[in-house]
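Q: So that we are looking at the same thing, I have put the structure below in structure tokens.
The values are calculated or read from the model by the stated rules, or taken from the named source; none is laboratory data. If you're wondering where the values come from, they're calculated on a predicted model, not measured in any experiment. In this analysis, Cβ positions are derived from the backbone assuming ideal geometry, glycine residues included, and neighbour counts consider all displayed protein chains.
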Amino acid sequence: MKKITKKILNIFVVVLIAMFSTTAIATEDVTITGIVNEDYQIIDDSGAIYDVDENEKGDEVTKLVGKKVEVIGTLVDADGTLVISVVSYTIVDE
């Protein structure tokens with residue numbers, strides 16, 4: 001009986017780890033300013049790279065290759081990759 005209980009507990013722990021492998025950094029909106037590149041990313045002034053999540057506003061932003069934008073959205077760390085789900089954006093004049 002102890003072996004079965006221990007095995008079930010181990011399986012439960014593995015499932016929990018898998019469920020929470022994508023950790024949210026912010027539950028509130030964040031603002032990021034940077035240049036859009038051809039790889040569907042925004043590179044900020046410090047060199048940080050943010051992948052743009054696929055949604056309506058994100059798709060609009062990824063079409064602005066070479067432009068400087070200010071985006072507002074939710075930031076998530078997906079296995080070490082920063083991903084922003086864009087809620088709104090503006091093109092920044094330089």
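Listed here are the residues, each with its yes/no results for (1) modelled with pLDDT of 95 or more; (2) within 19 Å of the chain's Cα centre (by Cα).
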| residue | (1), (2) |
| --- | --- |
| 3 | no, no |
| 11 | no, no |
| 15 | no, no |
| 21 | no, yes |
| 36 | yes, yes |
| 43 | yes, yes |
| 49 | yes, yes |
| 54 | no, yes |
| 66 | yes, no |
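Q: How many residues does region 51-93 contain that are farther than 12 Å from residue 34 by Cβ and outside any strand (DSSP E or B)?
A: The total comes to 14.
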